[in-house]
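The values are calculated or read from the model by the stated rules, or taken from the named source; none is laboratory data. Just so you know, these numbers come straight off a predicted model, no measurement behind them. Glycine also receives a Cβ, built like all others from the backbone with ideal geometry; neighbour counts cover every protein chain displayed. The area values use the complete protein model at the heavy-atom level, side chains included, leaving out ligands, DNA and RNA. Shrake-Rupley method; radii C 1.70, N 1.55, O 1.52, S 1.80 Å.
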Amino acid sequence: MAKEPVRVLVTGAAGQIGYALVPMIARGIMLGADQPVILHMLDIPFAAEALNGVKMELVDAAFPLLKGVVATTDVVEACTGVNVAVMVGGFPRKEGMERKDVMSKNVSIYKSQASALEQHAAPNCKVLVVANPANTNALILKEFAPSIPAKNITCLTRLDHNRALGQISERLNVQVSDVKNVIIWGNHSSTQYPDVNHATVGDKPVRELVKDDEWLNGEFITTVQQRGAAIIKARKLSSALSAASAACDHIHDWVLGTPEGTWVSMGVYSDGSYNVPAGVIYSFPVTCKNGEWTIVQGLAIDEFSRKKLDLTGAELTEEKELAYSCLS
């Protein structure tokens, strides 16, 4: 028997990431090759014509799993009945802008979209925030959508996780699928901590295989932290393709589950695990089963890692305070 279509919202759908993401969803990469979808695409009025062009292309691509397209500039219409929401739209930082100005713009966007999801999304809607500052945008969304369970609001650090996998696979000249259990801790910012202390290739620890602690504790970390900026410098545009792919990976594993013995990185509402601040959206290693994520517990944290976890946690606490000051 055919499955009922899942309604998937993509905000900022006419933008670079949205344009890369919607065909992946329509092709079944996000929710599985047998799961029909109805795409809800939202963008600002300025982008309405471009959004309509994206809709035309989706129709022209004749995706068998795509059972309908809603393309709109109306946030209520976009959010009505959605089961999965991928929040790509946000206000980007422009040259000369203060951090607080960017935060203030995004607080007002996420407050309004949270209210629409709160009132009109399907019960148990799963939300993934991609737009930066992703962790704090997700926290604001949680504040203004109190009926959506906190565990259903996440942010994207899977892109950083995938970047870490890619760096290790290139360094060791192995298939990326053979590298397991890297971790991204903390904020999707330059303070994030890409951690390979528990990562393996086959049954061997990555540290043992790389045999270069200086690289793993230095260049590897900064390469992952600054990869987005390096891509903008090279491409003159942001990392849309890899961000869209990571968003699909994030939702796919959350909904369909992580393989046995494998964890992934997700920005989730912190309960204080690993002595990081509670009440912020923080990236942890998680496993997923039956549509639920669980933080991997009991991993040893060495002194080097402890400092990194605390640093990114302090930044998230500061961002939270800044965001809340924009609400007053």
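What pairs can you find where one residue is in the stretch 141-159 and open to solvent by 10 Å² or more (accessible area, probe 1.4 Å), the other is polar (S, T, N, Q), and their Cβ atoms are less than 8 Å apart, with a gap of 6+ or different chains? Listed pairs, sorted by first residue: 144/115; 149/124; 158/265; 159/239; 159/242. Here the stretch 70-128 is the region considered, the condition is being among the polar types (S, T, N, Q) and part of a helix (DSSP H, G or I), and the residue that is farthest from residue 242 (Cα to Cα) is 119. In the stretch 45-66, the count of residues that are modelled with pLDDT of 95 or more, open to solvent by less than 20 Å² (accessible area, probe 1.4 Å), in contact with a Ser or Thr (Cβ under 7 Å, 6 or more places away or on another chain) and at negative phi is zero. For the stretch 24-44, the condition of being part of a helix (DSSP H, G or I), out of contact with any Pro (no Cβ under 6 Å at 6 or more places or on another chain), open to solvent by 30 Å² or more (accessible area, probe 1.4 Å) and within 22 Å of residue 155 (Cα to Cα) holds for at least one residue. Only one of the numbered conditions (1) within 30 Å of residue 141 (Cα to Cα); (2) outside any helix (DSSP H, G or I); (3) of a type in the set (D, E, K, R) is not met by residue 260, and that is (1).
Residue pairs whose Cβ atoms lie under 9 Å apart, sitting 6 or more positions apart in sequence or on different chains, and linking a residue in the stretch 76-91 that is farther than 12 Å from residue 119 by Cβ and open to solvent by 10 Å² or more (accessible area, probe 1.4 Å) to a partner that is in a loop (DSSP other than H, G, I, E, B) and of a type in the set (D, E, K, R), are 89/43. Taking (1) farther than 30 Å from residue 214 by Cβ; (2) open to solvent by 70 Å² or more (accessible area, probe 1.4 Å); (3) without any contact (Cβ under 8 Å) to a residue 40 or more places away in the chain; (4) not hydrophobic (A, V, I, L, M, F, W, C) in turn, residue 272 satisfies each apart from (2). For the stretch 275-287, a residue qualifies if it is of a type in the set (Gly, Ala, Ser) and either in a helix (DSSP H, G or I) or touching a residue at least 24 places away in the same chain (Cβ under 8 Å) (or both), and the qualifying residues are 279, 283.
Counting only residues that are crowded, with 18+ Cβ neighbours inside 10 Å, among the charged types (D, E, K, R) and farther than 16 Å from residue 184 by Cα, how many does the stretch 285-328 have? The number of residues fulfilling the criteria is 2. Is there any pair with a first residue in the stretch 295-320 that is over 26 Å from residue 254 (Cβ atoms) and a second that is aromatic (Phe, Trp, Tyr) whose Cβ atoms are under 8 Å apart and which are 6 or more apart or on different chains, and what are they? Pairs found: 311/193.
Within the stretch 130-140, can you find the residues that are touching a residue at least 60 places away in the same chain (Cβ under 8 Å) and within 14 Å of the chain's Cα centre (by Cα)?
Of everything in the stretch 130-140, those that are touching a residue at least 60 places away in the same chain (Cβ under 8 Å) and within 14 Å of the chain's Cα centre (by Cα) turn out to be 130, 131, 133, 134, 135, 136, 138, 139.
Scanning for something in contact with a strand residue (DSSP E or B) (Cβ under 8 Å, 6 or more places away or on another chain), surrounded by 21 or more Cβ atoms within 10 Å (Cβ to Cβ) and closer than 18 Å to residue 186 by Cα, does the stretch 243-254 turn up at least one residue? Looking for residues that are in contact with a strand residue (DSSP E or B) (Cβ under 8 Å, 6 or more places away or on another chain), surrounded by 21 or more Cβ atoms within 10 Å (Cβ to Cβ) and closer than 18 Å to residue 186 by Cα, one finds at least one in the stretch 243-254, hence yes.
Here the stretch 185-228 is the region considered, the condition is being over 12 Å from residue 305 (Cβ atoms) and of a type in the set (Val, Ile, Thr), and the residue that is most open to solvent (accessible area, probe 1.4 Å) is 222.
Which is touching a strand residue (DSSP E or B) at 6+ places or on another chain (Cβ under 6 Å) and under 30 Å from residue 325 (Cα atoms), of 187, 152, 124? The unique qualifying residue is 152.
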